[in-house]
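Notes for the one structure printed next.
The values are calculated or read from the model by the stated rules, or taken from the named source; none is laboratory data. Remember, it's a predicted structure, so these values are computed and weren't measured experimentally. Reconstructed Cβ throughout: ideal geometry from the backbone, glycine too, with neighbour counts over all protein chains shown.
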Amino acid sequence: MQFRTPDGRQRYDDLLRAGDRLVLGLDFDGTLSPIVADPEQAVVHPGAPGAIAEVAARVRAVAVVTGRPVRQVLDLGSLEPLGSRIDDAGGTLLVLGQYGNERWSSADPRIVSPEPPAGLAEVSAALPEVLRDADAANAWVEHKGLAVAVHTRRLPDSQAAYDRALPALARLARTHGLEVEPGRLVVEVRAPGTDKGGAVRALAEELEAGALAFVGDDLGDVEAFRAVAALREHGTPGLLVCSGSDEQAALVELADVVVPGPDGVVAWLGELAADL
């Protein structure tokens, strides 16, 4: 394992000492699943379930923290049978969807979700015209229940379309009291004040984490990284792992460890399980 920061090795060793008090957070897209043109086809890396199960048997909990709806992630990741396997072994698997607004756990396998935010229906109705004006009419629109996401990856010049759509979507979101979350050729419109940082802080408190690690790849994971860093400043050991890509480098400067995409994440999980 190569460490990018001078304190990386010490931070990793602190995780190992925490042992069964460690809480591990994992993003889904770009971390456990490769990025694909059609998000509905984003299946989990074949090595991820086994690696997650190995780690979960040794730590307090493993939590998948994602912008996707919980139901999608459970299906794409085959996480319900994995959760049963982990629960039978005495571990805990959590899925926090839509930036922590939805929740599922292996111990209580019900999906808990709030009502959609005010203004989201109006945003959805206005999207066709807004995207036409931004010359991105053929962008794929994903309705997520608590948010709506606009994907430009399928368009011929996907980055240019993204650059045109982002400011238009930001204006539309502000009009209806919502905010945007930019990502890898995707812009999500959702309620303000909800991010992965809040989800990480809530997990740390709820589970009385003795240490935290988070693995992510995109802008939506920045707040989770910052939350772990802040908790680290207050004495809770923490390690930050970036699932690297050519598309997004925002997390690299924040990370203690950078691995090559989902393949690297699965290998890192295997190494962590072996060392715990």
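All but one of (1) surrounded by fewer than 23 Cβ atoms within 10 Å (Cβ to Cβ); (2) over 14 Å from the mean Cα position of the chain (by Cα) hold for V222, so report the exception by its number.
V222 satisfies every listed condition except (2).
Confirm whether T194 is closer than 24 Å to G30 by Cβ and in contact with a Ser or Thr (Cβ under 6 Å, 6 or more places away or on another chain).
no
Exactly one of these conditions fails for R58: (1) farther than 22 Å from V141 by Cα; (2) part of a helix (DSSP H, G or I); (3) touching an Asp or Glu at 6+ places or on another chain (Cβ under 8 Å). Give me its number.
(2)
Inspect the stretch 95-107 for any residue being in the same structural domain as A56 (by TED's automatic domain parsing), assigned to a loop (DSSP other than H, G, I, E, B) and over 18 Å from the mean Cα position of the chain (by Cα) and give the result as yes or no.
Within the stretch 95-107 (the criterion being in the same structural domain as A56 (by TED's automatic domain parsing), assigned to a loop (DSSP other than H, G, I, E, B) and over 18 Å from the mean Cα position of the chain (by Cα)), the answer is yes, since at least one residue qualifies.
Which of (1) within 22 Å of A18 (Cα to Cα); (2) of a type outside the set (S, T, N, Q); (3) not assigned by TED's automatic domain parsing to the domain that holds L22 is the odd one out, the single condition L203 does not satisfy?
(3)
Here are V180, V200, V189: which of them is surrounded by 24 or more Cβ atoms within 10 Å (Cβ to Cβ), of a type in the set (A, V, I, L, M) and not in a helix (DSSP H, G or I)?
Just one listed residue meets the conditions, V189.
Restricting attention to the stretch 68-94, and to residues there that are in contact with a Leu (Cβ under 9 Å, 6 or more places away or on another chain) and in a loop (DSSP other than H, G, I, E, B), which single residue is farthest from P34 (Cα to Cα)?
T92
So, A63, is that one in a helix (DSSP H, G or I) and in the same structural domain as A204 (by TED's automatic domain parsing) or not?
For A63, the condition - in a helix (DSSP H, G or I) and in the same structural domain as A204 (by TED's automatic domain parsing) - is not met.
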